Amino acid sequence: MNFQSTLNQKDANACIVVAMSHGMDREFELTSGVRVNFWERVIYKFSIENCPDMSGKPKLFFVNTCQDFAKFPTTHREREHLLGQDFSDILVVHSALPGFPSHRHKISGSLFIRALVEVFMKHACETELQKMLRLVSCSHSRWNIF
């Protein structure tokens, strides 16, 4: 969880984080079994105010967790943390919509991560990010999850 503080921010051109875990209700589970709010513990630390050396540099977060009953932010504390923060150079991509599970195949693993890797390997040199993410979404939704 100290990645932001160890990142050599002045030399970095971008930051890409892939988080894979069990998740539910705005939280994901660490290997220790502790559940944490991904926005509070990770994304918030990369806002322009909290990470000024990375200001204007793209920060991409690919989050592969279930999103059961996610309604962020819902508590006063969560909203208070985000008020006044600038997240304009941050993109967060979730493997599932709020209220839905993130599927994985018994043999090939996460369908979202598999689609992400395949699309980026094939199109990263000539295709803009937004179009690649649409391709990931289309590819991800076509796979048989059973």
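The values are calculated or read from the model by the stated rules, or taken from the named source; none is laboratory data. All values reported here derive from a predicted model rather than from experimental measurement. Positions of Cβ are backbone-derived with ideal geometry, glycine not excepted, and every protein chain shown enters the neighbour counts.
Under the condition of being more than 17 Å from the chain's Cα centre (by Cα) and modelled with pLDDT of 90 or more, the residues counted in the stretch 106-118 number 1. Within the stretch 1-17, which residues are surrounded by 15 or more Cβ atoms within 10 Å (Cβ to Cβ) and either part of a loop (DSSP other than H, G, I, E, B) or at pLDDT 75 or above (or both)? Listed by number, the residues that qualify are Leu7, Gln9, Cys15, Val17. Residue count for the stretch 43-76 under the criterion of being within 24 Å of Ser102 (Cα to Cα), of a type outside the set (Ser, Thr, Tyr) and either surrounded by 13 or more Cβ atoms within 10 Å (Cβ to Cβ) or modelled with pLDDT of 85 or more (or both): the result is 13. Checking the stated criteria, Leu116 turns out not to satisfy the condition of being under 24 Å from Trp39 (Cα atoms), in a strand (DSSP E or B) and either touching a residue at least 12 places away in the same chain (Cβ under 8 Å) or not assigned by TED's automatic domain parsing to the domain that holds Cys15 (or both). Here Ser139 meets each of (1) in a loop (DSSP other than H, G, I, E, B); (2) of a type in the set (S, T, N, Q); (3) more than 23 Å from Ala14 (Cα to Cα) with one exception, condition (1).
For the stretch 97-114, a tally of residues being surrounded by 19 or more Cβ atoms within 10 Å (Cβ to Cβ) and more than 17 Å from Val17 (Cα to Cα) returns 2.
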